[in-house]
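For reference, the structure is listed below as structure tokens.
Derivation of every value follows stated rules applied to the coordinates shown; laboratory data play no part. Predicted model, so just to flag it, every value in this text is computed and none were measured. Glycine also receives a Cβ, built like all others from the backbone with ideal geometry; neighbour counts cover every protein chain displayed.
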Protein chains: 2
Amino acid sequence: MSPTMTTAQQRQKAKDDYDAFLATCPSRQLLDRIGDKWITLVLSALADGPLRYSELARQIAGVSQKMLTQSLRNLERDGLISRTVTASVPVRVDYQMTALGLSLFGIVLQLKQWAERNMGVIIAHRDEFDSRN
Amino acid sequence: MSPTMTTAQQRQKAKDDYDAFLATCPSRQLLDRIGDKWITLVLSALADGPLRYSELARQIAGVSQKMLTQSLRNLERDGLISRTVTASVPVRVDYQMTALGLSLFGIVLQLKQWAERNMGVIIAHRDEFDSRN
DNA sequence: CGGAATCCACTTTGATACTG
DNA sequence: CAGTATCAAAGTGGATTCCG
């Protein structure tokens, strides 16, 4: 045998292939989005109606300008929210959910319901696990 | 007025309060879990039946020992999977889903379905957004 | 075999200052 | 008002080494 790859190289290739697969996996991309701390909070805030940038910043108390802007850009890029600029002085920018965003928010709500229904038993499991160690 | 806090301190307190709220928020804790790259992959792997540690490591090609072990511990701690040690030589360890884990996996599947149904239009939005900038 | 522990590179985040 | 730019701090994951 004259292998073209060492065992280590084969393992490396397998990981690279797996990474490439994950990078284009729809579920993974979605989980990356909603796993992001601020994304779901922005969606929740906008679920009740449009808000200005400063209103969002106030409502989501813990967010920095940088992360809020970044989150809004990502959501806009994915078509989950829309951004409207009113050229006044000073300038006014409103954000609002799109139909796609509302559809995603429905999924997030299901997740929220599952969490609230089951967090009690999960906490109990944690306590028991921790007390054993 | 003789305020006991400066404006900056009040802002800081608001953020601390918000952080404390998020730390105990069930939805946030759940999103932190399933947003983790390897958690969903472990759940998917175990959905078809129990697997040994080494089998999991092989099936999830990209994972390091450290992250696999960490993910398994977290899942076990939450009561989503169970761990069974067979004291032979060498030792054998099997992991399998609990009923709670299967229940959570159902939610993950819903997410997966949403992702697959809507990723096309999201990609289209991204392309259009990027071409404008 | 199934880990635990350590070290380190890299990424992510936040605070701060500045701008159209 | 609604951002952008920059830099330092903190968090995260991986490679490596060692153990029962």
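Descriptive notes on the structure:
- Peptide B:79-92 has a mean of 1 when you count, residue by residue, the C-beta atoms of other protein chains within 10 Å of its C-beta.
- Pairs of alpha carbons in segment B:35-132 whose separation is greater than 20 Å (percent): 47
- Positive-end residue, chain B charge dipole about Cα centroid, Cβ charges, pick of B:T69, B:Q96, B:L51: B:T69
- Exposure proxy ranking, count of Cβ atoms within 10 Å, fewest first, for A:Y18, B:Y95: A:Y18, B:Y95
- Spatial separation of Cα centroids for segment B:77-103 and segment B:113-133, in angstrom: 39
- The mean number of partner chain beta-carbon atoms within 10 angstrom of a residue's beta-carbon across peptide A:35-41 is 4.
- Taking all Cα pairs closer than 8 Å and separated by 6 or more residues, the relative contact order of chain A comes to 19 percent.
- Alpha-carbon Rg with Dmax, taken over the protein assembly as shown, Å: 22.1, 86
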